[in-house]
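The values are calculated or read from the model by the stated rules, or taken from the named source; none is laboratory data. All values derive from a computational prediction rather than experimental measurement. Positions of Cβ are backbone-derived with ideal geometry, glycine not excepted, and every protein chain shown enters the neighbour counts.
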């Protein structure tokens, strides 16, 4: 019994050490997202890739049309090695639809008609990693796991066995349909946040909320210079 327990501990420890040394997946691998060939790193938005049309001014926009959240069908996404079901994708897409409206709505009204002050926001659920609740809790409470996750939190890295969400977005002038900006971002909870280990989609939902909040914060940082982006 002791030998079996030791083997489990060694396997978990090895996995943790490997995870601590690994780097986040490259967002550029999602080559079929909107405006993928234009997306670039931007110091204003360190959590993803961004495109901003040269000379565009965002000060004139104060309202949004939020299109139906799409589900990525292109290359690059693993959907947790195929473990994310179609129902899960639909559930998260619907959550993203309502969450962006909830976060933006109080300050930036969500409307249905185009206008000179209206941006059309196209959102896409691009990839999801599931949380493994049991392993996440075990590794958070083991001495090695606690140390690793503390280091990951300090570095802004993904926690052990905690999931994530990758989302793409595109902003268009609602009247002319001109693409003004686009983004691709991966979000995951803090590595030490045990509240996001309840349920295999908990981290993905948290990532969607974080994306919406970062998007709103970027809108708040205007006028006319910074494009909305996570």
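Taken across the stretch 166-188, residues that are farther than 19 Å from residue 102 by Cβ, part of a loop (DSSP other than H, G, I, E, B), at pLDDT below 90 and in contact with a strand residue (DSSP E or B) (Cβ under 9 Å, 6 or more places away or on another chain) do occur, with at least one present. Scan the stretch 162-184 residue by residue and report those that are farther than 19 Å from residue 69 by Cβ, buried (at least 22 other Cβ atoms within 10 Å of the Cβ) and out of contact with any helix residue (DSSP H, G or I) (no Cβ under 8 Å at 6 or more places or on another chain). Of everything in the stretch 162-184, nothing turns out to be farther than 19 Å from residue 69 by Cβ, buried (at least 22 other Cβ atoms within 10 Å of the Cβ) and out of contact with any helix residue (DSSP H, G or I) (no Cβ under 8 Å at 6 or more places or on another chain). On the stretch given as the stretch 108-164, residues that are at pLDDT below 95 and assigned to a loop (DSSP other than H, G, I, E, B) total 12. Within the stretch 71-85, does at least one residue satisfy the condition of being assigned to a strand (DSSP E or B), touching a residue at least 40 places away in the same chain (Cβ under 8 Å) and within 19 Å of residue 184 (Cβ to Cβ)? Yes, some residue in the stretch 71-85 is assigned to a strand (DSSP E or B), touching a residue at least 40 places away in the same chain (Cβ under 8 Å) and within 19 Å of residue 184 (Cβ to Cβ).
Within the stretch 96-107, the set of residues being within 21 Å of residue 200 (Cα to Cα) and either in a loop (DSSP other than H, G, I, E, B) or out of contact with any helix residue (DSSP H, G or I) (no Cβ under 6 Å at 6 or more places or on another chain) (or both) comprises 97, 98.
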